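Enquirer: Can you read through this structure? Questions will come right after.
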Amino acid sequence: MIFRRQLFKHIFHKSVWIKCPEERKHMIAYIEKKKLLIGLTKQEVIQKLGDECNDSNSDLWSYYVGLKSVIGNKIYFFIYFNKEGLVYQTLRS
């Protein structure tokens, strides 16, 4: 049962992403590995990850994903858009 709970925790779930920002750090690897955001428009990213006051005119968006355990620094998930307004890269800090 514990193994299943840990496995479940590392899969992207929109409801968990939106309601529990501290759990996002566990989902980032899955999002990047499956390339869930690559090719999406800004509106589609908002539908998937929610709106966190990112500027719709900016080609770089960020989402808070938690704190580094040792230092306590904030971790962010960055989303890069190309000239056509589509996601071409994601990066975690």
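The values are calculated or read from the model by the stated rules, or taken from the named source; none is laboratory data. Computed from a predicted structure; not experimentally measured. Neighbour counts run over all protein chains shown; Cβ positions are idealised from the backbone, glycine included.
Quick grid of which residues meet (1) surrounded by fewer than 13 Cβ atoms within 10 Å (Cβ to Cβ); (2) modelled with pLDDT under 95; (3) out of contact with any Cys (no Cβ under 6 Å at 6 or more places or on another chain):
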site: ILE18; (1), (2), (3): no, yes, yes
site: LEU40; (1), (2), (3): no, no, yes
site: GLN43; (1), (2), (3): yes, no, yes
site: GLY66; (1), (2), (3): no, yes, yes
site: GLY72; (1), (2), (3): yes, yes, yes
site: ASN82; (1), (2), (3): yes, no, yes
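Results for (1) at positive phi; (2) touching a Pro at 6+ places or on another chain (Cβ under 9 Å), shown as yes or no for each residue.
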{"residue": "TRP17", "(1), (2)": "no, no"}
{"residue": "ARG24", "(1), (2)": "no, no"}
{"residue": "GLY39", "(1), (2)": "yes, no"}
{"residue": "ASN57", "(1), (2)": "no, no"}
{"residue": "TRP61", "(1), (2)": "no, no"}
{"residue": "VAL65", "(1), (2)": "no, yes"}
{"residue": "LYS68", "(1), (2)": "no, no"}
{"residue": "LYS74", "(1), (2)": "no, no"}
{"residue": "ASN82", "(1), (2)": "no, no"}
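Enquirer: Suppose we filter LEU86, LEU67, LEU49 for residues that are within 20 Å of VAL16 (Cβ to Cβ) and more than 9 Å from the chain's Cα centre (by Cα); which single one remains?
Expert: LEU67
Enquirer: Looking at (1) at pLDDT 95 or above; (2) loosely packed, with under 12 Cβ neighbours inside 10 Å, which is the only condition SER62 fails?
Expert: It is condition (2) that SER62 fails.
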